[in-house]
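K.L.:
The following block contains the structure, expressed as structure tokens.
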């Protein structure tokens with residue numbers, strides 16, 4: 001199969017769609033936390049970035065969600081979002097492991113976030129392996145490798 005071909009795009013999108021595992025935050029088995037853990041959780045400074053997984057199980061105040069404006073040329077937004085996903089995940093995975101090893105929260109909290117982390121990883125795979133980049137002849141070149149890194 002040739003990278004960048006329609007067949008490649010269809011296979012990639014089909015496998016991405018078929019491997020999706022839906023989750024709804026309001027139906028997850030959230031743990032009961034003591035006051036110390038709740039205070040710590042609420043103080044983490046990334047809640048303003050979490051505007052798709054909204055829930056108020058722990059009384060975390062989230063800023064009002066801004067309306068989404070979709071421009072005619074969505075590619076720059078898509079690219080920026082993909083970059084932000086990679087950057088956020090790079091730091092989040094490390095902090096997640098450190099917090100888990102330090103027993104900062106009950107293990108059940110980390111178990112709940114495991115499928116969310118898996119989904120974030122899938123987003124990165126999707127952004128990094130976009131059909132558009134390969135179709136343009138930006139397959140596995142040194143420049144694309146640097147951009148991906």
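K.L.:
What pairs come up if the first residue lies in segment 21-34 and is within 16 Å of residue 108 (Cα to Cα), the second is at pLDDT 75 or above and in a loop (DSSP other than H, G, I, E, B), and their beta carbons are under 6 Å apart, counting only those six or more places apart or on different chains?
P.N.:
Close Cβ pairs (under 6 Å, with a partner that is at pLDDT 75 or above and in a loop (DSSP other than H, G, I, E, B)) amount to 30/57; 31/106.
K.L.:
Please pick out the residue among 82, 94 that is surrounded by 10 or more Cβ atoms within 10 Å (Cβ to Cβ), under 17 Å from the mean Cα position of the chain (by Cα), modelled with pLDDT under 75 and not in a loop (DSSP other than H, G, I, E, B).
P.N.:
On the way: 94 fails: modelled with pLDDT under 75.
Going through 82, 94 in turn, the sole match is 82.
K.L.:
Being in a helix (DSSP H, G or I) and modelled with pLDDT under 80 is the filter; apply it to segment 10-42 and report the residue that is surrounded by the fewest Cβ atoms within 10 Å (Cβ to Cβ). Walk me through it before giving the result.
P.N.:
Let us first name the residues in segment 10-42 that are in a helix (DSSP H, G or I), namely 10-18, 25-27, 35-42.
Imposing the further condition that a residue be modelled with pLDDT under 80 reduces the set to 25-27.
Details: 25: 14, 26: 11, 27: 8.
Result: 27.
The values are calculated or read from the model by the stated rules, or taken from the named source; none is laboratory data. Model, not experiment: these values are computed from the prediction. Backbone-built Cβ (ideal geometry, glycine too); neighbour counts: all protein chains shown.
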